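The values are calculated or read from the model by the stated rules, or taken from the named source; none is laboratory data. All values reported here derive from a predicted model rather than from experimental measurement. Cβ placement follows ideal geometry from the backbone for every residue including glycine, while neighbour counts extend to all protein chains displayed.
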């Protein structure tokens, strides 16, 4: 006999209800509110790129004494092409169509590709993990380069501030990471208005300078950028690598789609953010053409003398918002990775009673802070950090395009030739950008590669070790139905109440159940075995949260379904089961959890170093009581040593 939380299977459905629910929530906020919110959160990173993108692109020309009118116009033409082709055409028009029941992001796209293939393919898995790993590197670099580039504007106010740039940057970053545990809901309400003022300011400043050198408008002709690349050889290629800094943060358009919706994000980009960015880049170019000495920091020199300090303050606020958005994205990505079994389960703290997405993960926050501070201290300037930035962004883009090819071919039903042509048109451009950025490996480009490599090794080790451990546990365990048959023949002492056992393998008897029988020699009058399953979708409708199987008169098995963007809360699921007719009394219910101590094994299938790494990772995992939000006063933990 099976009891379900609704008539349909828990893993079925087409997401229509989820979309309707999401639409209702968005309707409450209003289209204008969602547009303003997206300007504040989604476009913080890409919106602050003008602080350093053109400056770094022209720095190569200054270094080779090749700064001419044609070279400046060529560089800006490439910037415009990157914004229109990569951001507008690829992400705003195509990538945002690939939503996983309203949600976006590289891991969401990976899950969508796996669903489209009909199985968990290694290709889609590796592409998704690689993209997530590179995003981790980007999440460390973004706060460092964004905040530092803004504070460096103080040097233009007076050179006396030069020695304070590093301490002020460190102070702001430490403060930013410190407030994460208190939640960002209140601060987030000011993100949109501040970023609107920032975009209006940089757009107006840029427009004011365009008349000084109107020939800069020739940059809209893509032939100018192509001619620059053709005539300048390796210099053009080096500039191309820096040009890509203009689109850093573009992944946020896709990753934050579930928070604001496809429409508001598109309207904000096409109607407000893109025009402001184009005006600013054109204004910077016109300033350099009319006053070549401004090439050292054209963004801040757009402002009149009286407006320089206010612009520095406004830019600092904007870059702090950009850093905040990336940190929040890192928390969200980490939770997805935990739910998908890519990293150990870490304690997730909800900082808002009303918003599911407002979360804080202490260990991730500390790792990000340490990484950011090390980068700031080691590189000492935003220009030095710029070399490390592009590889993470371009690498993620190449991987997302590859996943998009799978989705277009298998999910959207495009002919194979059309899907290949579609992906190739983007990959040609992105590989050109990636190759250009790889020239900077020795100058700092090794940082995101090293960070991404470390994250990939951790994810690979965790998934491999967990798989081997599950196989070993399955081999050494007794099938659930066999145990029930044995207990009916040899009946143990029964005690009142309900015993709940959590397991990752519902087909076999939980280890905690076997230890309880072995050592305590008793069994509760009712036993419930719970398996928490993560689906390849962002969220599961509450009506499809659980399935209950009655295995015997006193044994039940429940499967709880959660999306990869949800936190599994077992007590809430039990309350829903009780409403649906499953009777139990929480005051007479005990939760039995197995606490395994993993030991290295000389016969392990993994290399010694990977064995040691997996054991170290298991020690970082949060205990099941906290992770599943189980009342601690109702928990009994039974320990066991296991080798892999």
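Odds and ends about this structure:
- Considering segment 599-616, the residues that are out of contact with any strand residue (DSSP E or B) (no Cβ under 6 Å at 6 or more places or on another chain) and not in a helix (DSSP H, G or I) include one that is farthest from residue 638 (Cα to Cα), namely 607.
- In summary, residue 308 fulfils each of the numbered conditions (1) surrounded by fewer than 22 Cβ atoms within 10 Å (Cβ to Cβ); (2) in contact (Cβ under 8 Å) with a residue 60 or more places away in the chain; (3) closer than 30 Å to residue 107 by Cβ with the single exception of condition (3).
- Residue satisfying condition, being out of contact with any helix residue (DSSP H, G or I) (no Cβ under 8 Å at 6 or more places or on another chain) and in the same structural domain as residue 206 (by TED's automatic domain parsing), within set 298, 292: 292
- Helices (runs of 4 or more DSSP H) lying entirely in segment 1-96 (those with 2 or more residues that are more than 28 Å from residue 434 (Cα to Cα), assigned by TED's automatic domain parsing to the domain that holds residue 326 and at pLDDT 90 or above): none
- Test: residue 577 is buried (at least 19 other Cβ atoms within 10 Å of the Cβ), touching a strand residue (DSSP E or B) at 6+ places or on another chain (Cβ under 7 Å), under 27 Å from residue 469 (Cα atoms) and touching a residue at least 24 places away in the same chain (Cβ under 8 Å): no
- When each of 163, 138, 212 is tested for being in contact with a helix residue (DSSP H, G or I) (Cβ under 6 Å, 6 or more places away or on another chain) and surrounded by fewer than 19 Cβ atoms within 10 Å (Cβ to Cβ), the lone residue that passes is 212.
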